[in-house]
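The values are calculated or read from the model by the stated rules, or taken from the named source; none is laboratory data. Bear in mind the structure is a predicted one, so any value in this text is a computation, not a measurement. Here the Cβ positions follow ideal geometry from the backbone for every residue, glycine too, while neighbour counts run over all protein chains shown. These area figures cover heavy atoms from the full protein model, side chains too; ligands, DNA and RNA do not enter into them. Shrake-Rupley method; radii C 1.70, N 1.55, O 1.52, S 1.80 Å.
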Amino acid sequence: EFGLPRLAGLTWVGNWLSFTDSPGYFNAIVNIASLGPGTYTSKVNLIDSNDVVYDTVLVKLIIKATPPVSTVGTWVGTWQARVGNLCTVYWQTTWQLRQSGRQISGTYYHFAQSASNGNCASGHSESGNLTGTVSGNSFSINIGIGQFNGAVDGSSMSGTGTAGFGNTSGPFSSNKQN
């Protein structure tokens, strides 16, 4: 009687690839957590019950870079900035953003519309240049002594803004203007 050798085991090189044994077959597990964009290959040796390699399979994994979302344009929104235990200042925010690859640049204008009580002032504004980065749909923008971290979802963005050496922080949200 003629038959194929019984698959008894596997050997391979590469910590991104592993296998689990199930009756009659092996499950391949790919761990891409530590891998960046690129092409990864591993030779997998099929071993019979006599510990002899009877075939080799080349496993190829291609990871394509995910382009960052576009942040280009004018974004208008609000920021509820809690100032320590004193009060909350409600800011209107306008960002004019440019983007080159992952790098963000542009200008900002923030207007303090109101405050939750008399401990903090409203009616004043701040403006200047901003810089930042974007990765996938996440971004980080720096303005003077403040930073805004969040995510873009289509024509809206949201996250947390922090300023004043960390004692002022709170949620913000913005919508892209047409």
Among residues of the stretch 50-69 being more than 30 Å from Trp95 (Cβ to Cβ) and outside any strand (DSSP E or B), the residue least open to solvent (accessible area, probe 1.4 Å) is Val52
The correct count of residues that are open to solvent by 70 Å² or more (accessible area, probe 1.4 Å), part of a strand (DSSP E or B) and in contact (Cβ under 8 Å) with a residue 60 or more places away in the chain in the stretch 143-175 is 2
Those residues of the stretch 33-85 which are within 29 Å of Ala151 (Cβ to Cβ) and of a type in the set (A, V, I, L, M), in sequence order: Ala33, Leu35, Leu61, Ile62, Ile63, Ala65, Val69, Val72, Val76, Ala81, Val83
Go through the stretch 1-49 and report how many residues are among the β-branched types (Val, Ile, Thr), exposed (fewer than 10 other Cβ atoms within 10 Å of the Cβ) and modelled with pLDDT of 80 or more. 1
